[in-house]
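Working notes, structure below.
The values are calculated or read from the model by the stated rules, or taken from the named source; none is laboratory data. From a predicted model like this one, the values you see are computed outputs, not experimental measurements. Quick reminder, even Gly has a Cβ in these numbers, built from the backbone with ideal geometry, and neighbours come from all protein chains shown. Remember, those area values only see protein heavy atoms, side chains included, never the ligands or the DNA or RNA. Shrake-Rupley method; radii C 1.70, N 1.55, O 1.52, S 1.80 Å.
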Amino acid sequence: MDVIRDTTSARDRTAELVALRASVEAGDAAGTERQRAKGKLTARERIELLLDAGSFSEVEQLRRHRATGFGLEAKKPYTDGVITGWGTVEGRTVFVYAHDFRIFGGALGEAHATKIHKIMDMAIAAGAPLVSLNDGAGARIQEGVSALAGYGGIFQRNTRASGVIPQISVMLGPCAGGAAYSPALTDFVFMVRETSQMFITGPDVVKAVTGEEITQNGLGGADVHAETSGVCHFAYDDEETCIAEVRYLLSMLPQNNRENPPRAESSDPADRRSEVLLDLVPADGNRPYDMTKVIEELVDDGDYLEVHERWARNIICALARLDGQVVGIVANQPQSLAGVLDIEASEKAARFVQMCDAFNIPILTLLDVPGFLPGVDQEHGGIIRHGAKLLYAYCNATVPRISLILRKAYGGAYIVMDSQSIGADLTYAWPTNEIAVMGAEGAANVIFRRQIADAADPEAMRVRMVKEYKAELMHPYYAAERGLVDDVIDPSETREVLIKSLAMLHTKHADLPSRKHGNPPQ
């Protein structure tokens, strides 16, 4: 609706405005059908799912590009292919922008980018989360370098907002080339299987350069990034479920770094005993178990949101509530690689700890770790610097930090997993704990090597020395006797102990040294 009629009254002009807005919001019918054929929703339908009903306020709906050449001067649709504005999620303000694939394939041009820059600036100034609903074909080629500069402005704002407001990227279509770096700079990335892909160079370029043939989903689909690359934190089968989970995540996060996460009323008693915990964790350190079952027993109503669930499965990172208070949980998973720390687990947990610290979310660490994963690949891959990322993240965190040692806690991995020596506020242990430099078998083989070798029955001597080492240095109260554990607790009382501890730490205040920023290991 481009023609401005000769109107003679404010009523006529207002009626014209209403008709124009209705036309813009309805969009291109043919484009809508093309979206439907791909199994995708329109940008406005996505915004409606994300925000509370009737809460959306649009910004620059009537914006149009000013570019010329390549036929652009004859095609100047309103919104320029991106819808921007704000609304509420469960009553709290959230800013949003959504690419409209029906217009220029959602490609970014100068006006399109300027709209995004504006809404990002508004989100930072207002101190409210920013959600991007991504479904675009990258830079608008017809506008040349102006489009590339638009991406630069987005990246700069992503970085400025990092750790200040929550930033969530929801991938609902293609995202290729430099455009993929904006989601990578945000706190969380959601993807939808089959319809969303992320890659720097597409399948055609890969084939031309390397000769490898691969599909778009095989190269950068949701499952690839959720399981292999770690780029994607959450992957779902459909847009409706994906966006519903974005709303749930937002309910666990504060508006900005100056606020605490929202507290929720809980009907789960704070003093609830969990007798089942006495049987969930085997005393035998060689027997695996599912750490998620422990988490379910501890948190309110057994409800938690796992981050990066399918990547680096030997460590669990999750958001949950204890007596209504949001906590971030980092836990070894004995069911996967015996719960060891490796390169990917260290990176996953380090980023999660940093996110929790940035947004005032207390951190609960559940330890059952036999050490770092040995191997040439790990050493050559830089396990030293990658493991140091997790160590740095914990040491730098000023939020309340509680660690609980369920069973094994060996060597450097014990130190790295928020031990008391690196600043944990409170450290608890179950009676099944074994805190040591290494396992008893390995330690006995080193310490008593000569006695075992000289014995008439080396195997019997080795068994005897293992028992001696355990009795002397690995009994459950050894660390508590030396002040390295604040208390050894009854597993069934763990929930109550943690809740009381979090309540005490609620007013914790800690200052870091004055500096421009640290230089974390890379």
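Numerical summary
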{"read-out": "Single residue of the range 454-509 satisfying the filter (aromatic (Phe, Trp, Tyr) and either part of a helix (DSSP H, G or I) or farther than 30 Å from Ile329 by Cα (or both)) that is modelled with the lowest pLDDT", "value": "Tyr469"}
{"read-out": "Cβ pairs under 8 Å, 6+ apart, first in the range 301-329 and on the phi < 0 side of the Ramachandran plot and at pLDDT below 95, second aromatic (Phe, Trp, Tyr) and open to solvent by less than 10 Å² (accessible area, probe 1.4 Å)", "value": "none"}
{"read-out": "Failed item in (1) touching a strand residue (DSSP E or B) at 6+ places or on another chain (Cβ under 7 Å); (2) in a loop (DSSP other than H, G, I, E, B), with Glu58 passing the rest", "value": "(2)"}
{"read-out": "Lone unmet requirement of (1) open to solvent by 60 Å² or more (accessible area, probe 1.4 Å); (2) closer than 26 Å to Pro282 by Cα; (3) under 32 Å from the mean Cα position of the chain (by Cα) for Ala413", "value": "(1)"}
{"read-out": "Subset of the range 354-385 that is out of contact with any Phe, Trp or Tyr (no Cβ under 6 Å at 6 or more places or on another chain) and among the small types (Gly, Ala, Ser) - its residue that is farthest from Gly339 (Cα to Cα)", "value": "Ala358"}
{"read-out": "Filter result for the condition that a residue is touching a Phe, Trp or Tyr at 6+ places or on another chain (Cβ under 8 Å) and either without any contact (Cβ under 8 Å) to a residue 12 or more places away in the chain or among the polar types (S, T, N, Q) (or both), over Glu48, Glu73", "value": "Glu48"}
{"read-out": "From Ser146, Ser169, Ser182, residue being free of Cβ contacts under 8 Å to residues at least 40 places away in the same chain and buried (at least 16 other Cβ atoms within 10 Å of the Cβ)", "value": "Ser169"}
{"read-out": "Enumeration of residues in the range 359-387 that are open to solvent by less than 30 Å² (accessible area, probe 1.4 Å), within 30 Å of Ile499 (Cα to Cα) and of a type outside the set (Ser, Thr, Tyr)", "value": "Phe359, Ile361, Pro362, Ile363, Leu364, Leu366, Leu367, Asp368, Val369, Gly371, Gly387"}
{"read-out": "Only listed residue being of a type in the set (Gly, Ala, Ser) and within 28 Å of Arg263 (Cα to Cα), chosen from Ala413, Ala388, Ala358, Ala409", "value": "Ala358"}
{"read-out": "Hits in the range 244-274 - residues which are surrounded by fewer than 15 Cβ atoms within 10 Å (Cβ to Cβ), small (Gly, Ala, Ser) and part of a loop (DSSP other than H, G, I, E, B)", "value": "Ala264, Ser267"}
{"read-out": "Filter pass, Val224 being touching a residue at least 12 places away in the same chain (Cβ under 8 Å), among the β-branched types (Val, Ile, Thr) and either over 22 Å from Phe155 (Cβ atoms) or not in a helix (DSSP H, G or I) (or both)", "value": "no"}
{"read-out": "Residue in the range 3-55 that is most open to solvent (accessible area, probe 1.4 Å), counting only those that are in a helix (DSSP H, G or I) and among the β-branched types (Val, Ile, Thr)", "value": "Val18"}
{"read-out": "Complete set of residues in the range 307-329 that are within 27 Å of Ser501 (Cα to Cα), surrounded by 18 or more Cβ atoms within 10 Å (Cβ to Cβ) and either of a type in the set (Asp, Glu) or touching a Lys or Arg at 6+ places or on another chain (Cβ under 9 Å) (or both)", "value": "Val307, Ile315, Cys317, Arg321, Leu322, Asp323, Gln325, Val326, Val327"}
{"read-out": "Hey, Thr494 polar (S, T, N, Q) and surrounded by 10 or more Cβ atoms within 10 Å (Cβ to Cβ) or not", "value": "yes"}
{"read-out": "Filter result (open to solvent by 100 Å² or more (accessible area, probe 1.4 Å) and without any contact (Cβ under 8 Å) to a residue 40 or more places away in the chain) within the range 510-522", "value": "Ser514, Arg515, Lys516, His517, Asn519"}
{"read-out": "Residue count for the range 82-131, restricted to those that are polar (S, T, N, Q), without any contact (Cβ under 8 Å) to a residue 60 or more places away in the chain and open to solvent by 10 Å² or more (accessible area, probe 1.4 Å)", "value": "2"}
{"read-out": "Any hit, the range 359-378, residues being without any contact (Cβ under 8 Å) to a residue 24 or more places away in the chain and among the charged types (D, E, K, R)", "value": "yes"}
{"read-out": "Selected residue (only one of Thr398, Thr427 is in a loop (DSSP other than H, G, I, E, B) and under 30 Å from Phe359 (Cβ atoms))", "value": "Thr398"}
{"read-out": "Residue in the range 222-243 that is modelled with pLDDT of 95 or more, farther than 30 Å from Gly87 by Cα, open to solvent by 20 Å² or more (accessible area, probe 1.4 Å) and charged (D, E, K, R) present", "value": "yes"}
